[in-house]
Amino acid sequence: MKQLFFFLCFVACCLPVISYAQVSPPGLGKANTASWFAFGLRQDLGTSKKWQSMSYIGVGRKSNPDNYGPFFKPSILVINQEFYHQFHPHWQYAFALSYRKQEEYNDFAPFGSTYGGFEREWRIYGRIAYMLKTEKLKFTTTFRQDLRTFTRPIKEMSSEDFQLRSRLKLQLTVNLDKKKIHKLIGGYEALFSTSKLAMSGIWTNFNYQESRFTFYYAVSPQRLPFTIDLGYMNNLVGNRSPFSAHYIALDVIWNNPFRFLKHKKGT
């Protein structure tokens, strides 16, 4: 598995920036199916437009392990703030702060809430990305490093205090028309992590944890300041007897809302 990680890092360095057209679903734990909806604001900062702000709030729901209802029960609330800097035609970096509240459920029937009921998470992360594009295609390679801290009402043997997680993503965007109104976006992301256990204080080994495969259709109407993304994600968790969860996702991004509001005010 270490050889796979170093190979992917080599690919990330040798291949082609970040394509952040969609807000991909977070992992929601054991489930057959899940759903994700997010609403975001993307704002250019300054006249050069080299800096951007991206804010969003998202909610997720999921099925029980014994059914296939993607809206069956609540799973997560996410509030995220990210800043991007395009410092080179091919290069971009970003940094972000994120808050999450995730519902916790038992692994046995009837899969009700655990005694604690939920987990709160704060995370900070940074990412670096390289992009190669033509009029028709854009290929993006992104490396992201997360620092996550968790709190629960009640500590358990498997509870984590901190986690360091590395993420490598490859993404291809295909423009379906010359005006780039309609796009198809496919991606693969591999996640590796090490965690500090709450009860023992021991750090686990740094290992591969999961893979995420995404496929999105995106549309940006010319007369509206919105980007709408409809997609699918397959979350493959674990390297020994992994389980697979299928997600449907929808996000709506309001592009440059403050410029739009200013324009409306002046008319």
Restricted to the range 121-138 and to residues being touching a Ser or Thr at 6+ places or on another chain (Cβ under 9 Å) and surrounded by fewer than 14 Cβ atoms within 10 Å (Cβ to Cβ), the residue farthest from V174 (Cα to Cα) is W122
Take the residues in the range 187-210 that are in contact with an Asp or Glu (Cβ under 7 Å, 6 or more places away or on another chain) and either surrounded by fewer than 17 Cβ atoms within 10 Å (Cβ to Cβ) or part of a strand (DSSP E or B) (or both); name whichever of them is modelled with the lowest pLDDT. L197
Look through the range 26-61, keep the residues that are of a type in the set (S, T, N, Q) and touching an Asp or Glu at 6+ places or on another chain (Cβ under 9 Å), and return whichever of them is nearest to E121 (Cα to Cα). S55
Looking at T149, T141, T173, can you tell me which residue is surrounded by 14 or more Cβ atoms within 10 Å (Cβ to Cβ), within 27 Å of P74 (Cα to Cα) and among the β-branched types (V, I, T)? T149
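Here is a yes/no grid of residues against (1) more than 22 Å from Q81 (Cα to Cα); (2) aromatic (F, W, Y); (3) in a loop (DSSP other than H, G, I, E, B):
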| site | (1), (2), (3) |
| --- | --- |
| F111 | yes, yes, yes |
| R120 | no, no, no |
| Y130 | no, yes, no |
| K138 | yes, no, no |
| R144 | no, no, no |
| Q163 | no, no, no |
| S166 | no, no, no |
| K169 | no, no, no |
| I185 | yes, no, no |
Taking the range 152-168 and keeping residues touching a Gly at 6+ places or on another chain (Cβ under 6 Å) and surrounded by 14 or more Cβ atoms within 10 Å (Cβ to Cβ) leaves R152
Count of residues meeting criterion [touching a Lys or Arg at 6+ places or on another chain (Cβ under 9 Å), aromatic (F, W, Y) and at pLDDT below 95] in the range 106-149: 2
Between a residue in the range 105-120 that is farther than 15 Å from L77 by Cα and of a type in the set (A, V, I, L, M, F, W, C) and any residue that is modelled with pLDDT of 90 or more and assigned to a strand (DSSP E or B), which pairs come within a Cβ distance under 7 Å, given they are 6 or more apart or on different chains? F111/Y105
Go through (1) crowded, with 17+ Cβ neighbours inside 10 Å; (2) closer than 30 Å to K49 by Cα; (3) of a type in the set (F, W, Y) and name the single condition Y217 misses. (1)
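The values are calculated or read from the model by the stated rules, or taken from the named source; none is laboratory data. A quick note: this is a predicted structure, and the numbers were derived from the prediction, not measured. Please note: Cβ atoms are built from the backbone with ideal geometry, for glycine as well, and neighbour counts cover all protein chains shown.
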